[in-house]
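Below is one structure, written out as structure tokens; the observations come after it.
The values are calculated or read from the model by the stated rules, or taken from the named source; none is laboratory data. None of these values were measured; they are calculated from a predicted model. Using ideal geometry, Cβ is built from the backbone for each residue, glycine included, and neighbour counts are taken over all protein chains shown. Areas reflect the complete protein model, heavy atoms only, side chains present, ligands, DNA and RNA absent. Shrake-Rupley method; radii C 1.70, N 1.55, O 1.52, S 1.80 Å.
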Amino acid sequence: MEKRVSDSTNPERIPEPAVPEPEQPLLTDIADFLKDTKTILPLTMLGLFLLAFIAFLHFAKPFCMPIVFAVILSFLLKPVVNVLQNIRLPRWLGALIVIVAFVSLVSIVFSHLVQPAREWMEKGPENFQKIQQRVEHYIRPARKLGEQVQSITTTAPDKEPQPKVEVSKTDVAGAVVSYASSLITSLIEVIVLLYFLLVAGDMFAQKLVKVLATFRDKKRAVSIFHELQNNISVYLFTITIINVSLGALVGLGVMLLGMPNPLLWGSLAAILNFIPYFGPLTGVTILAIAGMTTFDSVGRGMIPPALYLGLHAIESNFITPMVLGRRLTLNPVVIFGSLIFWMWLWGIPGALIAVPLLMMIKIICDHFKPLA
């Protein structure tokens, strides 16, 4: 008994446990980890697929963009074709009537805007000279300060001749003709595809349902299709009415202020309001330039952009959220990211369809638990 106590009280006689040396990592451990992890490889394949799909959309822009525009416009116009079909009109005739009416309306509006826009752009150098004279009083102190800083920091003037950059008129004319021809071709493709989509109706959705194997997948596909049709149609119709109303108010306001071509400024405000963030900013800038060139004073020239900015603030913060509701309201950060992505990918046409495409992606993802 004493022997046991003495052994327990003496720390030198207790054997210390052996600490195993850390094992060196091997390359085979990485392979085992990748083999046991079930999510790494699917995520990698999904990332590669997305990168390849983005590259395809970029290089196949002349092919993909008319299809996307035709699909989005079909969501807007299909309810009208359905109404005409319910009153015993053949679907092909109803689609033809809707297409002709839509193209005629757009053509009439643009035909009334081309001449004022051309005249205003031709007076561009003269207008900018007027703006410079108007704001000369405000920028004169900053200009003097800049000249003083430049005189202090510069040493001897550079006597080497500066290269002159000249732009040939034939190159500009060729670029304009090329862009106009490609635009007309794309518009014709959109109109033809839109007609076929309106005539087809729900045929593609029905064929997709027949291809799917299980009843669960069929039910999900029908639910996605109907939700896409209803939500996108409501969104596009509502946004169009709101933007046209905003353009009418802007045009009426600038007309009361005494600016020429109120139809041009109202139509420009309505069209630019389809592009979130960048569209209203561009509209405010253009109206500021137009106001500065129209009126004699700087304060009066800033009233038209202030009017447009105030109407846009009321529309974006109160009217649109109240009319669309929470279901069709998207996160502003996500909208901004989508806008930047589609502008980088397809330019201004991509900015016009950024929000509808984002809504379509959101509706599809809501029906799948991993993506919801």
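With respect to I335, determine if the residue is assigned to a helix (DSSP H, G or I) and over 26 Å from I54 (Cβ atoms). So I335 fails the test. Per the listing A95, A55, the residue uniquely hydrophobic (A, V, I, L, M, F, W, C), surrounded by fewer than 16 Cβ atoms within 10 Å (Cβ to Cβ) and either farther than 17 Å from L194 by Cβ or at pLDDT 90 or above (or both) is A55. A count restricted to segment 60-88 and to residues that are under 21 Å from the mean Cα position of the chain (by Cα), surrounded by fewer than 16 Cβ atoms within 10 Å (Cβ to Cβ) and part of a helix (DSSP H, G or I) stands at 4. State whether the residues of segment 169-182 include one that is modelled with pLDDT of 60 or more, surrounded by 13 or more Cβ atoms within 10 Å (Cβ to Cβ), within 22 Å of C64 (Cα to Cα) and among the aliphatic types (A, V, I, L, M). Checked against the condition, which is being modelled with pLDDT of 60 or more, surrounded by 13 or more Cβ atoms within 10 Å (Cβ to Cβ), within 22 Å of C64 (Cα to Cα) and among the aliphatic types (A, V, I, L, M), segment 169-182 yields no hits at all.
Applying the condition of being open to solvent by less than 30 Å² (accessible area, probe 1.4 Å) and more than 30 Å from F59 (Cα to Cα) to segment 311-346 and asking which residue is modelled with the highest pLDDT yields E315.
Per-residue answers, yes or no, for (1) on the phi > 0 side of the Ramachandran plot; (2) under 29 Å from the mean Cα position of the chain (by Cα); (3) at pLDDT below 90:
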{"position": "L50", "(1), (2), (3)": "no, yes, yes"}
{"position": "P90", "(1), (2), (3)": "no, no, no"}
{"position": "V100", "(1), (2), (3)": "no, yes, no"}
{"position": "Q132", "(1), (2), (3)": "no, no, yes"}
{"position": "K144", "(1), (2), (3)": "no, no, yes"}
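In segment 287-301, the residue that is modelled with the highest pLDDT out of those that are in contact with a Leu (Cβ under 9 Å, 6 or more places away or on another chain) and either open to solvent by 50 Å² or more (accessible area, probe 1.4 Å) or not in a helix (DSSP H, G or I) (or both) is R300.
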